[in-house]
Amino acid sequence: MSSVLNIRRKKQPIQLSDHFSYGKMIRFTLPSICMMIFTSIYGIVDGFFVSNYVGAVPFAALNLAMPFIMILSAFGFMFGSGGTALVSMRLGMGEKQRANETFSLLTYVLLVSGIVLGIVGTAIAPWVCRLLGATEEMMPYAVQYTRINMLSLPFFMLQRMFQSFMITAERPHMGLVVTVISGCTNMVLDWLFVGVFSWGLAGAAYATVISEYVGGLIPLVFFLMPNNSPLRLGKTHFHWHDIVKASTNGSSEFLSVSASSIIGMLYNLQLLRYAGTDGVAAYGVIMYVNFVFTGIYFGYTMGISPVIGFNYGAENEDELKSLFKKSMKMLITASLVITVLSELASRLLVGIFVGYDPELMALTVRGFRIYSIAFLFMSINIFGSGFFTALNNGGISAILSVTRSLGLQLISIYLLPYLLGTDGLWLVVVVSDGLCLLLTVYMLARNRKKYHYV
């Protein structure tokens, strides 16, 4: 009888109010980690089919346009991470109705914002592509890819936001299922539109658009329908304070994505200068693999943040200390493993995309092996920023994100290639993340007494 009861207890869903052991932390965050990895993988599929079936120039154009698309979609990350911190804190304080009103308000505001930004993005696409350095050969491909992606921007933003709120709703597995469905839709349609119908870069873009509609609509319907989760979309009141607070909390994520996109644009311009079109293509491959590995760090941080926010709101200091200590140990271990794996598997990973071109492959492998050293430092930097977001301190979180993603990289991206040539470009992230780690550790040490996590 006792064994049956134990099995039933194990099958009960994990709640934010539970005590989290190492095993429970892994089980609760694993869907988010898998979700981020899978999101990266199905994003890679576009690059795989375009690179292998359409050619190097459209592939470079895709990578050139992507930073602009990601900047616009960053509002979804901002409302997701910042809103999750606010809503989970209110759930911890026992304010369930106010938490649902805040969740509903943020969803409606984001949907309208997505429509407006999609229209603006369509109109300014040619100007943006020229600003990003598109050559005459790349220009039509870059504009086409950008404009098609604007068709699904509102739902792409919602998909990003709901990835965080599914965890707050204690449905991380459902978030993973939605991501898998969306990703499989994208991969199948990529194969069909690009590989079978030969629609070129436009086919890859339409595959992405359809998958983003799927990824945004399924959770939207779930939250609109009656459900037994802590969150549901319904009537709300317009509180500027909630929008500002969520935006402030999530400003680090918005700035991080935006800064990364701006740096991506500058990277492309520098690569065109030092290594030509092959350099842009090589950077695109490195970023695809980078997204998979850093997806582990981002996924864990996304998964554990609502738990941190809940316990902060509930003033449960002992659990907060436990969560912080265990998180640091797991992330340091993960960073060591990931760095070693990336170095050992560099040729295999790069060969998936550019194995058809020996010169491009050699350039990309060398760049990736240098870049991979940064994986040692990224985990604590990403977690540190997300940790302060979960504590509703968007200011410190933004400082860490902007310093890492923009400030240090902006200096390095011009200084290092001037000193070291193309190799200097691959060292940019290594240097910036290494220096930012010192700032992250300082901020965590300085604020430990204020928030009582150590």
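Of all the C-alpha pairs in the stretch 115-250, what % are more than 23 Å from each other? Each step should come with its number before you reach the end.
Details: 4396 of 9180 pairs.
Value for the stretch 115-250: 48 percent of Cα pairs lie more than 23 Å apart.
Sparsely packed loop sites in the stretch 212-248 (the trypsin sites (Lys or Arg not before Pro) outside DSSP H, G, I, E and B with at most 14 other Cβ atoms within 10 Å) comprise 235. Please give the FRET efficiency for residue 237 paired with residue 336, using the beta carbon to beta carbon distance and R0 = 45 Å, rounded to the nearest 0.05. According to the calculation, E is roughly 0.40. Helix 375-390 and the long axis of the chain differ in direction by around 40°, with both axes built from C-alpha atoms. Kirkwood radius and radius of gyration were both taken over the C-alpha atoms of the stretch 39-155, and their ratio Rg/Rh is 1.12.
A Förster distance of 60 Å, applied to the separation of the beta-carbon atoms of residue 317 and residue 123, puts the FRET efficiency at 0.70. Would you list the P(r) distribution for the stretch 252-394, with all Cα-Cα distances sorted into 5 Å bins from 0 and each bin expressed as a whole %? The percentages, shortest bin first, are 2, 9, 16, 18, 16, 14, 10, 7, 5, 3, 1, 0.
At a Förster distance of 22 Å, what's the computed FRET efficiency of residue 325 paired with residue 229, Cβ-Cβ distance as r, to 0.05? Don't skip to the answer; put the middle values down first.
Values: r = 29 Å, r/R0 = 1.32.
My answer for the efficiency is 0.15.
Cα centroid separation, the stretch 416-443 to the stretch 23-95: 24 Å.
Once the Cα gyration tensor of the stretch 323-454 is diagonalised, what are the square roots of 5 times its eigenvalues, in whole Å and ordered largest first, as equivalent ellipsoid semi-axes? Kindly include the intermediate steps, with their values, before the conclusion.
Values: eigenvalues 202, 65, 21 Å².
Rounded to whole Å, the semi-axes are 32, 18, 10.
Placing dummy labels 7 Å off each Cα toward the beta-carbon, the span from residue 95 to residue 15 is 2.1 nm. Straightening the chain between residue 359 and residue 22 buys 116.8 nm, computed as 0.36 nm per residue apart minus the Cα-Cα spacing.
D for the stretch 176-226, whole µm²/s, Stokes-Einstein with Kirkwood Rh over alpha-carbon pairs at 20 °C and 1.002 mPa s: what number? In µm²/s, the coefficient is 190.
To the nearest 10, the accessible area of residue 32 is 0 Å² with a 1.4 Å probe.
Using a probe of 1.4 Å on the protein chains alone, the accessible area found for residue 318 is around 120 Å².
Average the reciprocal distances over every distinct pair of alpha-carbons in the chain, invert the result, and give the Kirkwood radius in Å. Don't jump to the answer; show the numbers that get you there.
Values: mean 1/r = 0.0449 Å⁻¹.
Roughly 22.3 Å, rounded to one decimal.
Kindly express, to the nearest 10 degrees and within the range 0 to 90, the angle between helix 22-49's C-alpha long axis and the longest C-alpha principal axis of the chain. Value to nearest ten degrees: 20.
Label separation (residue 273 vs residue 30): 4.8 nm, computed from points 7 Å beyond Cα along the C-beta direction.
Calculated on the alpha-carbon coordinates, the convex hull of the stretch 32-84 measures out at 66 cubic angstrom per residue.
Ranked by the mean number of other Cβ atoms within 10 Å of their residues, highest first, the peptides 259-269, 438-448 come out as 259-269, 438-448.
State the extension gain, in nm to one decimal, for the chain segment bounded by residue 446 and residue 70, taking 0.36 nm per residue of separation less the distance between their alpha-carbons.
Numbers: separation 376, 0.36 × 376 = 135.36 nm, distance 3.28 nm.
Difference between extended and current length: 132.1 nm.
To test your reading of the geometry: what angle, between 0 and 90 degrees and rounded to tens, separates the Cα axis of helix 240-249 from the longest principal axis of the chain? Tilt of helix 240-249: around 60 degrees.
The values are calculated or read from the model by the stated rules, or taken from the named source; none is laboratory data. No experiment lies behind these values; they were computed from the predicted model shown. Neighbour counts run over all protein chains shown; Cβ positions are idealised from the backbone, glycine included. Side chains are part of the model used for accessible areas, which takes the heavy atoms of the whole protein and leaves out ligands, DNA and RNA. Shrake-Rupley method; radii C 1.70, N 1.55, O 1.52, S 1.80 Å.
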